[in-house]
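K.L.:
Here you go, one structure.
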Amino acid sequence: MVKFGDYITPFHWDHFIYIIALLILALALFRYREVIFKHRYLAANIILVVAICQQIMLYGSYLFLMRFNLSESLPFQINRISSILVIVYLFTKNEQVLSVVSYFGAYAWFSFLYPIRVYGVLHPIGISFFVGHALTLLLPYFGILAFNTSYYKNGRNFAFLYLIGYTLLCVIINPLVDGNYFYLKNKPLVGEMQDFPYIIIVLLLSYGGFWVMEKYYLRVSQYFINKNNTHPWVEPKR
């Protein structure tokens with residue numbers, strides 16, 4: 001494992017620990033879906049407490065370990081936005097909020113499978129990274145299994161409007177704090193590409209990714225809702 005304060009490299013020991021831990025949580029979610037459904041509000045409250053603790057750990061670590069450097073400590077990375085939306089969903093059970101979390105999960109998958117500037121498993125910010133990503137990536141399935149959440153056609157458009165607004169916010173914030181929010185300063189894979197073409201490419205690729213994810217979540221949600229409705233412990237969704 002990497003030393004405390006060092007960044008991990010993709011598919012090294014720390015990264016494999018994160019991946020294995022996520023797989024264990026995913027298997028538990030599906031294996032115990034009957035228990036989760038029966039106690040769905042208790043489960044949601046437990047996850048809510050975990051999500052709030054993750055926020056405290058993240059920003060407390062930036063405050064005490066990093067002196068809260070505004071260039072990297074503000075809640076303007078897209079996965080941090082998703083973590084906040086996780087809390088909003090668990091408070092409100094609003095399906096539109098869950099939809100945005102689901103589509104923004106495309107970025108969580110990318111940063112989880114190819115971590116950039118991520119701390120190791122013994123660092124509190126590294127632990128926060130894992131917990132925040134696990135919440136973002138697994139919450140859509142929790143919503144489906146626990147609350148029979150349906151996904152709707154063209155939900156990607158609502159999420160895409162959120163993404164445009166978020167991108168414009170980062171364009172404004174980054175020069176003020178010398179930040180790299182939404183990776184607009186240190187651009188992964190493309191080097192020194194100019195901001196405007198980079199943003200256009202990212203938005204186009206994102207919309208394409210949202211379209212694919214919409215098809216996927218439509219199928220997954222319908223499959224599990226139909227499957228759940230064959231069990232006596234699930235009330236059909238009205």
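The values are calculated or read from the model by the stated rules, or taken from the named source; none is laboratory data. Computed from a predicted model, the values in this text were never measured in an experiment. Backbone-built Cβ (ideal geometry, glycine too); neighbour counts: all protein chains shown. With ligands, DNA and RNA removed, areas are computed over all heavy atoms of the protein, side chains included. Shrake-Rupley method; radii C 1.70, N 1.55, O 1.52, S 1.80 Å.
K.L.:
Share of the chain's accessible area from carbon and sulfur, percent, 1.4 Å?
P.N.:
Roughly 69 percent, rounded to a whole number.
K.L.:
Now, a different point. With the contact rule set at Cα under 8 Å and sequence spacing of 6 or more, what percent relative contact order holds for the range 82-238?
P.N.:
Here the relative contact order equals 27 percent.
K.L.:
Quick one: dipole size for the chain, taken about the Cα centre, charges +1 on Lys/Arg Cβ and -1 on Asp/Glu Cβ, in debye to the nearest 20.
P.N.:
So the dipole magnitude of the chain works out to roughly 720 debye.
K.L.:
Would you work out which of F30, Y103, P140 lies farthest towards the positive end of the dipole of the chain? Charges go on Cβ: Lys and Arg +1, Asp and Glu -1.
P.N.:
F30
K.L.:
If you split all Cα-Cα distances of the chain into 5 Å bins from zero, what percentages do you get per bin, shortest first?
P.N.:
1, 6, 13, 17, 19, 17, 13, 8, 4, 2, 0, 0
K.L.:
With every protein chain kept in place and ligands, DNA and RNA left out, what is the accessible area per residue of the chain? Probe 1.4 Å, answer in Å².
P.N.:
Here the per-residue accessible area is 54 Å².
K.L.:
Turning to a different aspect of this structure: Which of K93/K187; K93/K185; K153/K227; K93/K215 have a Cα-Cα distance over 28 Å?
P.N.:
As for pairs spanning more than 28 Å Cα to Cα, those are K93/K187; K93/K185.
K.L.:
Normalised radius of gyration for the range 150-222, please: alpha carbon Rg relative to 2.2 N^0.38 Å, two decimal places.
P.N.:
Its radius of gyration relative to the 2.2 N^0.38 Å reference: 1.30.
K.L.:
Ok, one more. Place a label point 7 angstrom from the Cα of E95 along the Cα-to-Cβ direction, then list the residues of the range 130-154 whose backbone nitrogen is under 20 Å away.
P.N.:
Flagged as within label range: 138-154.
K.L.:
Please identify every one of the chymotrypsin sites (Phe, Trp or Tyr not before Pro) in the range 8-73 that sits in a loop by DSSP and has no more than 12 other beta carbons within 10 Å of its own beta carbon.
P.N.:
Taking the range 8-73 and a limit of 12 other Cβ atoms within 10 Å, the loop chymotrypsin sites (Phe, Trp or Tyr not before Pro) found are F11.
K.L.:
Given the -39500 (n - 2.57) contribution per DSSP H run of 4+ residues, what per-residue ellipticity at 222 nm results for the chain, rounded to the nearest 500 deg cm²/dmol?
P.N.:
That calculation yields -24500 deg cm²/dmol at 222 nm.
K.L.:
Also: Pulled fully out, how much extra length does the chain show between D6 and W109, if you take 0.36 nm times their separation in residues and subtract their Cα-Cα distance?
P.N.:
34.9 nm
K.L.:
On the principal axes of its Cα set, how long, how wide and how thick is the range 1-59? Give whole Å, largest value first.
P.N.:
Answer, in whole Å and largest first: 42, 28, 12 Å.
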